[in-house]
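Report on the following structure.
The values are calculated or read from the model by the stated rules, or taken from the named source; none is laboratory data. Note that the structure is a prediction, hence the values are computed from the model and not measured. Cβ coordinates were reconstructed from backbone atoms using ideal geometry, including for glycine residues, and neighbour counts include every protein chain displayed.
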Amino acid sequence: MRHQCNRNRLSRPKDQRDALLRSLATELFLHGEIKTTISKAKALRPYAEEIITLAKRGDLHARRLAARSIYDVKTSKFVDRETGEVFTEAQEGKKLIPQTVLRKLFSEIGKQYADRNGGYTRIYHLPPRRGDGVEMALIQLV
C-alpha cells in the first residue's frame, strides 16, 4: 500500500525532479547558500543533509554515492595535491589540481560538520518574488 508516502514532488516527473535537486545541491555546496522557492528549499534540505552525512564518513564508497547525487563541476580554485591547500590561481612549481564540488564537499564541508549530528542547513523565508508572487527562501549551510 502507498498510504502517506507523498514526498515533495515539485510538480515534475521523477527524472526532472532528480535533476533539479541534483543541480540545487551542487550550487548549495559550491556557494554555501542559494535563493530559491520555499518548496524547492524544503525538498532540498533532506537531500543535501544526506550528502553531507556521506561526506562526514569520508570513505571511498561514500564518495561514490555522493558523486551520484551531485554534479562534479570545477570551481575556480586549485588544490595542492600533497598538502591540500586551496589556491585561487595556479602556482609555479606546485602540483595543483582543479578543485571540484565533490573535492570541496569531502575536504572542507565534511570536516566542518564532523562533530555535528544533523541540522546542516538553515532556511530563511524571504519576501515574495516580484514577478509571480511565489514565496522565496534562502537556504544556507550552517
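To keep it simple, each residue is scored yes or no on (1) over 13 Å from the mean Cα position of the chain (by Cα); (2) surrounded by fewer than 19 Cβ atoms within 10 Å (Cβ to Cβ).
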position: A41; (1), (2): no, no
position: E50; (1), (2): no, yes
position: A55; (1), (2): no, no
position: D59; (1), (2): yes, yes
position: I70; (1), (2): no, no
position: K77; (1), (2): yes, yes
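Output yes when any residue across region 107-124 is farther than 15 Å from L30 by Cα, assigned to a loop (DSSP other than H, G, I, E, B) and of a type in the set (A, V, I, L, M), and no when none is.
There is at least one residue in region 107-124 that is farther than 15 Å from L30 by Cα, assigned to a loop (DSSP other than H, G, I, E, B) and of a type in the set (A, V, I, L, M).
Every residue in region 13-32 that is loosely packed, with under 13 Cβ neighbours inside 10 Å and either among the acidic types (D, E) or not in a helix (DSSP H, G or I) (or both), please.
Residues satisfying the conditions are P13, D15, G32.
Being in contact (Cβ under 8 Å) with a residue 60 or more places away in the chain and charged (D, E, K, R) is the filter here, so list the residues in region 1-39 that pass it.
Residues satisfying the conditions are E33, K35.
Does R103 qualify as being within 30 Å of S11 (Cα to Cα), among the charged types (D, E, K, R) and either modelled with pLDDT of 95 or more or in a helix (DSSP H, G or I) (or both)?
Considered against the rule, which asks whether it is within 30 Å of S11 (Cα to Cα), among the charged types (D, E, K, R) and either modelled with pLDDT of 95 or more or in a helix (DSSP H, G or I) (or both), R103 comes out as no.
All but one of (1) modelled with pLDDT of 95 or more; (2) more than 27 Å from K95 (Cβ to Cβ); (3) surrounded by fewer than 18 Cβ atoms within 10 Å (Cβ to Cβ) hold for R2, so report the exception by its number.
(1)
When region 105-140 is examined, which residues are found to be under 17 Å from L54 (Cβ atoms), in contact with a Lys or Arg (Cβ under 8 Å, 6 or more places away or on another chain) and surrounded by 18 or more Cβ atoms within 10 Å (Cβ to Cβ)?
Of everything in region 105-140, those that are under 17 Å from L54 (Cβ atoms), in contact with a Lys or Arg (Cβ under 8 Å, 6 or more places away or on another chain) and surrounded by 18 or more Cβ atoms within 10 Å (Cβ to Cβ) turn out to be F106, G110, Y113, T121.
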